[in-house]
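The values are calculated or read from the model by the stated rules, or taken from the named source; none is laboratory data. Because the structure is a prediction, the values reported are computed rather than measured. Every residue, glycine among them, receives a Cβ derived from its backbone with ideal geometry; neighbour counts consider all protein chains shown. Only protein heavy atoms, including side chains, enter the accessible area calculation; ligands, DNA and RNA are left aside. Shrake-Rupley method; radii C 1.70, N 1.55, O 1.52, S 1.80 Å.
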Amino acid sequence: MNRMKDVGEFGLIERIQKKIGVIRHSTVLKGIGDDCAAVSLKKNEVQLMTSDILVDGVDFLSKKQKPIEIGKKLVNVNVSDIAAMGGVPQYALLNLSLPSATQWKWVNSFLDGVVKALKEQSIMLVGGDVSSSKEISGSLSLMGNVSKNKCIYRNGAKKGDLIFVTGLLGGSILGKHLTFSPRIKEVKKLLSSFTPTAMIDVSDGLLQDLGHITKQSRVGAAIFSDWIPVSKDAVTLSKKSRKKPIEHALTDGEDFELLFTASPKVLSKIPNLIGKIPVTCIGEVVDVKKGINVFPSPVDTRKIKISKKGYNHF
Ligand code: ADP
Ligand code: MG
């Protein structure tokens, strides 16, 4: 366990979490471990905080992709985390680290992307920091808010709940990973008619992100592959990748759709469509002992083996 590749992305986060210990303070509702941190400074309101880094060569390719799209993505990956808690984004800090040889033209266009995405969500950029480095990297921290009774964590799923996902899944590498729209409008619409028991955004692959919900909620899940809304890009990609479209839908990262659980009692209140975005039931929450399994359908109980769950940075 000497190197980061042995520790792994989630292992690193766990080690940081251990060093910090559990924060016992009445204002901290959620520290490390969810899509956002949640602190409560006002009585019925929760302040949400989240941060994401994009590094050249790892999270984007400055020589291949448009800087304006990379700038938008830096904002939108954070907006997606605020949406996943049920909130609305408000304030941002932008940190940039650039090689001194970077062209201003590139930086200017990147900043235009950042500003455009901020404007779309009426987010105020109130500060940040600049440094130099070997590779371009940008990080954005975003603060937002949500009323206390509408803040959705990863840990509330209950046995018997249904599992839903917005949009279509898989093959985001063909374009959606840069051009996606964070589901802010959609989450507002959903929360106006019912309250999900748990929610996360799909950033590292459906099965992996579902794993965060099941682990924190101490439940298992049965997913039905015939019910999964597979994107056209997943089909296109499968022709080159030798994987099935459904595997792409279940394991590809960066779909930035919402994955949530809800009691079957509120089923009639869950829309099938929000604007053009489908909301699809893909399975159900089961006992923790059963773990996460994929079946073709509720009546076909042959387990489908999936080799990899999702994305890990190391
Ligand atoms: P997401 O994919 O939703 O952005 P991550 O997997 O990046 O979530 O992070 C999971 C949790 O770990 C979050 O609560 C996040 O704040 C926390 N986390 C990630 N990196 C660090 C870090 N370097 N220090 C402290 N907490 C971290
Ligand atoms: Mg997230």
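I need the shape label for segment 152-295. Rule: rounded when a/c is under 1.5, else prolate if a/b > b/c, else oblate, with a, b, c from the alpha carbon gyration tensor. Oblate.
Taking the DSSP beta bridges with both ends in segment 93-201, the antiparallel portion is around 45 percent.
Helices assigned as whole DSSP H runs in the chain whose Cα atoms extend at least 18 Å along their own long axis and whose mean Kyte-Doolittle hydropathy is 1.6 or higher are not found.
For the chain, the solvent-accessible area works out to 52 Å² per residue, with a probe of 1.4 Å and every protein chain left in place.
A DSSP coil position with no more than 14 other Cβ atoms inside 10 Å describes the following trypsin sites (Lys or Arg not before Pro) in segment 163-244: Arg218, Arg242. The fraction of accessible area contributed by carbon and sulfur in segment 152-295 is 55 percent, rounded to a whole number (1.4 Å probe; ligands and nucleic acids excluded).
Separation of segment 233-286 from segment 25-99 is 23 Å, based on Cα centroids.
Note on Thr195: accessible area approximately 60 square angstrom, rounded to 10, probe 1.4 Å, nucleic acids and ligands left out.
Share of antiparallel DSSP beta bridges in the chain, in percent to the nearest 5? Bridges in the chain that DSSP calls antiparallel: roughly 75 percent. Pairs Lys159/Lys239; Lys5/Lys64; Lys5/Lys72; Lys134/Lys176; Lys150/Lys243: which exceed 31 Å Cα-Cα? Cα-Cα > 31 Å for Lys159/Lys239; Lys150/Lys243; rest within. For the chain, the spherically averaged projection of the C-alpha convex hull amounts to 17.4 nm².
Taking the DSSP beta bridges with both ends in segment 152-295, the antiparallel portion is around 80 percent.
Classify segment 29-149 as rounded, prolate or oblate from the Cα gyration tensor: take a ≥ b ≥ c as the square roots of its eigenvalues, call it rounded if a/c is under 1.5, otherwise prolate when a/b beats b/c and oblate if not. The shape class here is prolate.
Going by the alpha-carbon gyration tensor, a ≥ b ≥ c the square roots of its eigenvalues, is segment 253-314 rounded (a/c under 1.5) or, if a/c is not under 1.5, prolate (a/b greater than b/c) versus oblate? Oblate shape, in that a/c is at least 1.5 and b/c is the bigger or equal ratio.
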